[in-house]
Amino acid sequence: TYSEWFGKPAEELIGKPVKSIVGSEAYGPILPLIEKALAGETVSVHAELAYEGAGPRSVHIVYVPDIGDDGLVRGFFSLVSDMTELRRSEDLLRSTEDRIALLMENVTDYAIFSVDTDGVIETWNSGAERIFGYRAEEIIGRTSDVLFTPEDIARGVNVNEMRSARQKGRSSDETWYVKKDGSRFFANMVMMPLIVGKRLTGYAKIVSDLTERKRRAEELQSAHDELEL
């Protein structure tokens, strides 16, 4: 790995002082770690180092002292893992999560929330608070079953929508939901699986209140029926 970083074969690196290979800027932060290792202490740290010729890198360093039978430290073994791409991915993910959180808080027309694989609510936006009536601190940590009607729970709707989202990549439906005050409203829902790497971590759900639309449709149907009569 060092050969790849510095563009030199092992023969040109072996036998050289560490400082001459990594450069003064990187050597400064690791010198105290080297001194600890040579004093017989195992060192394990994360560090941001600017290597000469290899550029800035995020690394995990492990120094293990090489102690002889006489108890004296003869040197140390070094394991340096390059975490640069992982750190960049984490920063990108964190930035994306921040933007999503900002978006969720500014969307009040839709209830947007996430649940874990057991259906326990993990996030809750202001739109969900407005539509369902629960504040985030009241609902996070509770199972999403509290939002379903007893009839839908008996039919397994709450379980089936997660299964469908998991198998098809998306599930959608129009059904009745229950607010905090016990009243019901008709809504459209879309659920999508949340996958990190290849692991399913939970589900994101968007609920849109269709009560007014349903009421108008029923009024239109009633007017049509009266007109027929």
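Which sequence of Thr201, Thr149 reflects their accessible areas, 1.4 Å probe, from the largest down? Walk me through the numbers before you get to the answer.
Working: Thr201 45, Thr149 5 Å².
These residues rank, largest area first, as Thr201, Thr149.
Once fully extended, how much extra length lies between Glu11 and Ala154, figured as 0.36 nm per residue of separation less the alpha-carbon to alpha-carbon distance?
Difference between extended and current length: 44.3 nm.
Would you list the P(r) distribution for the chain, with all Cα-Cα distances sorted into 10 Å bins from 0 and each bin expressed as a whole %?
Answer for the chain: a P(r) of 7, 22, 19, 12, 13, 13, 8, 3, 2, 1, 0 percent.
Compute the distance in nm between two label points, each set 7 Å from the Cα along the Cα-to-Cβ direction, one at Leu229 and one at Asp66.
9.8 nm
Expressed in nm to one decimal, what extension gain is obtained for the pair Val73 and Asp116 from 0.36 nm per residue of sequence separation less their Cα-Cα distance?
10.5 nm
Would you give the gap between the C-alpha center of the stretch 120-171 and the C-alpha center of the stretch 8-61, rounded to a whole Å?
Here the answer is 51 Å between Cα centres.
So what is the accessible area of the chain per residue, in Å², with the probe set to 1.4 Å?
63 Å²
What part of the accessible area of the chain, given as a whole %, is carbon or sulfur when the probe is 1.4 angstrom?
Taking all protein chains in place, the chain shows 54 percent carbon and sulfur surface.
Can you tell me the order of 191-198, 32-39 when each peptide is scored by its average per-residue count of other Cβ atoms within 10 angstrom, highest first?
Highest mean packing first, the order is 32-39, 191-198.
The values are calculated or read from the model by the stated rules, or taken from the named source; none is laboratory data. Fair warning: this is a prediction, and the values are worked out from it, not measured in the lab. Neighbour counts are summed over all protein chains in view; Cβ atoms, including those assigned to glycine, are modelled from backbone coordinates with ideal geometry. SASA here: full protein model, heavy atoms, side chains in, ligands and nucleic acids out. Shrake-Rupley method; radii C 1.70, N 1.55, O 1.52, S 1.80 Å.
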